[in-house]
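Here is the structure we will look at, set down as structure tokens.
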Amino acid sequence: MSEKKIEIELVDEENNKHYKIKVSSNDVERAKNDVMFATKLLEITKLQSNAESNIHHLNGPTKQLFY
């Protein structure tokens, strides 16, 4: 059985944007105590969020072509 994921909120202080992600309890503790780890989580989350936005943006007009 896999470990239950816990939702945490990361804040990009440059633009005050909030990101919610689910991580293991070990990662929650590590993020609380290790600023470099928390920063890396934020960077990865921002990249994934941007990639998803770009895919959604690209797929939006394409889907409309098929209606």
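None of the figures in this text is laboratory data; all of them are computed from the coordinates on show. Since the structure is predicted, the reported quantities are computational estimates derived from the model, not experimental observations. As a convention, Cβ positions derive from the backbone with ideal geometry for all residues, glycine included, and neighbour counts pool all protein chains shown.
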Query - Those lysines that a straight Cα-Cα span of less than 25 Å connects to Lys20, excepting residues fewer than 8 apart in one chain - result: Lys4, Lys5, Lys32, Lys40, Lys46
Query - Distance (nanometres) between label positions extended 7 Å along Cα→Cβ at Glu29 and Val11 - result: 2.5
Report summary line: Put in order of increasing Cβ neighbours within 10 Å, starting from the fewest, Val28, Val35 give Val35, Val28
Query raised in the report: Along region 31-46, what does the Karplus equation 6.51 cos²θ - 1.76 cosθ + 1.60 (θ = phi - 60°) give for ³J(HN,Hα), rounded to whole Hz, x for Gly and Pro?
Result: 5, 5, 9, 10, 4, 5, 5, 4, 5, 5, 4, 5, 4, 5, 4, 5
Query raised in the report: If you keep only loop residues by DSSP, which GluC sites (Glu not before Pro) in region 1-53 have at most 15 other Cβ atoms within 10 Å of their Cβ?
Result: Glu3, Glu13, Glu14
Query - Sparse-neighbourhood loop sites, trypsin sites (Lys or Arg not before Pro) in region 1-45 - DSSP loop, at most 14 other Cβ within 10 angstrom - result: Lys4, Lys5
